[in-house]
Amino acid sequence: IGNYIIILKFTFYKSLSINGLLILNLSAFDILRRSHDIFVGGKRRYRKNDFVNQLKNIGFTPILSTYRLPVLFTYIIVKKFIHLLFHSSQMESDFKEIPSILNYLLFCSNKIENKFILNGINMPFGSSLFVVARRK
């Protein structure tokens, strides 16, 4: 049994009262694994269907499950493969200050994405998996 299932069952599920909400934002897609994950201590990346099925098996009722940040997904994929082409082995995090205009464009992109999600449109891919579930 995976460590994350044990954490879900014995930490989150047992800690929540009946009808309590579990809200998680997790790293998604193994293809995005890179030095950033190691730098920040990320142990794994998740896929929506597998994770939601595990939640159901434990006793949660999923309310919302969607990928988030598809723009960032695309950026990470491109950056990762450029990084691989140049064989850089330097371990670093992606947490860096970005130009104000880029920050604003990403903010606007996220606002649009939030409107889609609030209207029931799930993102088919993204760098994160966002899940809201209720304890039965």
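Restricting segment 50-63 to residues that are open to solvent by 30 Å² or more (accessible area, probe 1.4 Å) and in a helix (DSSP H, G or I), which is nearest to residue 108 (Cα to Cα)?
50
Among the residues of segment 37-57, those identified as in contact (Cβ under 8 Å) with a residue 60 or more places away in the chain and of a type outside the set (A, V, I, L, M, F, W, C) are 46, 47, 48. Scanning segment 1-22 for residues that are in a helix (DSSP H, G or I) and touching a residue at least 12 places away in the same chain (Cβ under 8 Å), we see that the one that is least open to solvent (accessible area, probe 1.4 Å) is 8. If you go through segment 31-49 and keep only what is in a helix (DSSP H, G or I) and open to solvent by 100 Å² or more (accessible area, probe 1.4 Å), you end up with 38, 39, 49.
Pull out all pairs, ordered by first then second residue, where Cβ-Cβ is under 8 Å, the residues are six or more apart or on different chains, the first lies in segment 108-130 and is free of Cβ contacts under 8 Å to residues at least 24 places away in the same chain, and the second is outside any helix (DSSP H, G or I) and open to solvent by less than 70 Å² (accessible area, probe 1.4 Å). Hits for this filter: 116/123. Say we look at segment 64-89 and pick out the residues that are exposed (fewer than 14 other Cβ atoms within 10 Å of the Cβ) and of a type in the set (Ser, Thr, Tyr); which of these is nearest to the chain's Cα centre (by Cα)? This residue is 74.
Just to be sure before I move on: is residue 25 open to solvent by 80 Å² or more (accessible area, probe 1.4 Å), modelled with pLDDT under 95, polar (S, T, N, Q) and touching a strand residue (DSSP E or B) at 6+ places or on another chain (Cβ under 6 Å) in the structure I sent? The answer is yes for residue 25.
Counting the residues of segment 15-31 that are hydrophobic (A, V, I, L, M, F, W, C) and more than 11 Å from the chain's Cα centre (by Cα) gives 6. Taking the criterion of being aromatic (Phe, Trp, Tyr) and under 16 Å from residue 128 (Cα atoms), the residues of segment 15-59 that qualify are 29, 46, 51. In segment 16-71, the residue that is farthest from residue 125 (Cα to Cα) out of those that are basic (Lys, Arg) and in contact with a helix residue (DSSP H, G or I) (Cβ under 9 Å, 6 or more places away or on another chain) is 43.
The values are calculated or read from the model by the stated rules, or taken from the named source; none is laboratory data. Computed from a prediction, not measured in an experiment: that's the story for all the values here. Note that each Cβ is placed from the backbone with ideal geometry, even for glycine, and that neighbours are counted across all protein chains shown. With ligands, DNA and RNA removed, areas are computed over all heavy atoms of the protein, side chains included. Shrake-Rupley method; radii C 1.70, N 1.55, O 1.52, S 1.80 Å.
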